[in-house]
1. Most fluctuating residue of THR174, THR137, THR364 in a GNM of the chain with Cα springs under 10 Å: which is it?
2. What's the local net charge at PHE30, with K and R +1, D and E -1, over the other residues with C-beta under 12 Å away?
3. Any idea how far the Cα center of segment 337-353 sits from the one of segment 155-219, in Å?
4. Pick the calculated semi-axes √(5λ) of the Cα gyration tensor in Å for this structure from (1) 31, 26, 21; (2) 44, 21, 19; (3) 36, 23, 19?
5. So how far, in whole Å, is the C-alpha centre of segment 228-249 from the one of segment 1-18?
6. Based on alpha-carbon centroids, what's the gap between segment 252-266 and segment 274-326 in Å, whole number please?
7. 5 Å is the cut-off here: which amide hydrogens, built 1.01 Å from N in the peptide plane, fall below it relative to SER257, excluding neighbours closer than 5 in sequence?
8. Going by the alpha-carbon gyration tensor, a ≥ b ≥ c the square roots of its eigenvalues, is segment 186-359 rounded (a/c under 1.5) or, if a/c is not under 1.5, prolate (a/b greater than b/c) versus oblate?
Amino acid sequence: MKFYSTKDRTKTVSLEYAVLRGLADDCGLFMPVNIPQLPKQFFSESRKMSFQEIAYRVAKNFFQPTLAFKDFAARFMSQLMSYFVRNSDKELTILVATSGDTGSAVAHGFYNIPGIKVIILYPSKKVSLLQEKQIATLDGNITVLEIRGTFDDCQRLVKQAFMDPDLQNKLWLTSANSINIARLIPQSFYYFYAFSKIEDSGKSVVFSVPSGNFGNLTGGILAKKMGLPVDKFVAATNANDVIPKYLSSGRFHPQPSRRTISNAMDVGNPSNWARILELFDNDLQKIRQEIFAVSVSEEQTRETMNHVFQQYSYIMDPHTAVGYLGLIKYLSETQNQTCGISLSTAHPAKFKDIVEKITGQSITLPERLATCLKKKNRSIVLSKEFAGFKEFLFETVR
C-alpha cells in the first residue's frame, strides 16, 4: 500500500516512510492511495468473529500481514514502529500533542519500547488531574512537557518542529497522535466490531462520534469507504464548533480553542479535517450528505450526564455525553428506522470531580488510576514559544 500527502497526490511513499515520518514533507497528512473494498460476505461473517479477527481482516488490507498488533491504536502503532526501527542505530523521537486522552494512551503504549523516545505536550491546567497523572508520572523513554497554552499551541509546536530544517537534519522525528496514519487506521476497527454486534434488522446505521481533532470520525469514514454499511455519521462537538459552523455556512474559520469540561475535544483547528475533505473530494455537499454536525453546550452536557444517570443508572464522562446528545439530536430530526450507536471515549473516573458533582454519585477509582495519583509528577514546564521548544529538543534528543 502506498500513501500520498493531502497537499500533493503526485508523490507517493511507502507505509514505513508514512509511519516513521508522521507528517508529509509539505506538512500535509498521509492518506492511502487506494481504500480497499471489503467483500459483502465479510460483514455477515463478522457477526461470528472476535474483535481481534475483525481487526486482522481489516488491517491486512493496509499493513503487511506479518506484523503483530494489539487491540488499541497506540499499542498497534508502537509495535509497528518498533518493527521498522529494529535495525537502526539512530533513536526515533515521537512528538505528541494531546488534549487529554491521547497522551496517556501513547505514553503507556510506547513505554520502554527499545529505540524510541516519546515527548508528549499537553496544555497546562487544561486537562483533568487524572489525565495529567497518567501522562506525567512515567519515566524511562517518556518525557512530558506542560505547555503554558492551549492544545492548539501544543499542536502548532509539533507541526513547526516537523517543518523546521535544523531539527529535521539532526533529529529523527515522527508523530503518534491521529496525525499519523498508523494511529488513525486502527480506529476504524471499532466501527466494524460495533456493526458486527447489530442484529440484521434492516435499519439504517448511524454512528455518533464525540469529535475534537476528528481522528476517530475519520477512522469511521475510512470504514465506510471500505464497505461498512453506515447511513450517517454524527460529528458531535462541544463549544469548539468550527466544523458545525463550516457545514452550516460553507466557511471554514479556525478559532482559538475554548475550555470545556469535555477537554479532550477542546480543539479550534482540527488536523484531521484535511483528511475528511480529501475523502469527499473537497465537496461540501457530499460531506453534508454523510455527516450531521452538532455543537453541544456545557449546560446541555451536564444535563445529559444527569439525565442518563437518573433514567438508566449509567454514569457518563463529559465526552461520551456530548456524543450521546449528538445522536439524540440527530434522531429527533429524522423519522427513519435507525439503529444509533454512540461512541464512548473514557472512563468517568478520569473526570471524577466533575462527574460526581453532576450526578451526585461517588466514583471508585480503578486501581490503575488510583496508583497514578500516588506517583510524582515529572512534567517539565515550557512556554508556548517555538524557540524554547526547539532548544529543548536539541538539548534532550540525541
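Nothing in this text is a laboratory measurement; each read-out follows from the coordinates by a stated rule. Note that the coordinates shown come from a computational prediction; the quantities given were computed from them, not determined experimentally. For neighbour counting, all protein chains shown are included, and Cβ atoms are generated from backbone atoms with ideal geometry for every residue, glycine included.
1. Highest fluctuation of the listed residues: THR364.
2. For residues surrounding PHE30, the net value is +2.
3. Here the answer is 18 Å between Cα centres.
4. This structure yields the entry labelled (1).
5. So the two Cα centres are separated by 27 Å.
6. 14 Å
7. Answer set, sorted by chain and number: ASP152, GLY268.
8. On the way: a/c = 1.69, a/b = 1.16, b/c = 1.46.
The shape class here is oblate.
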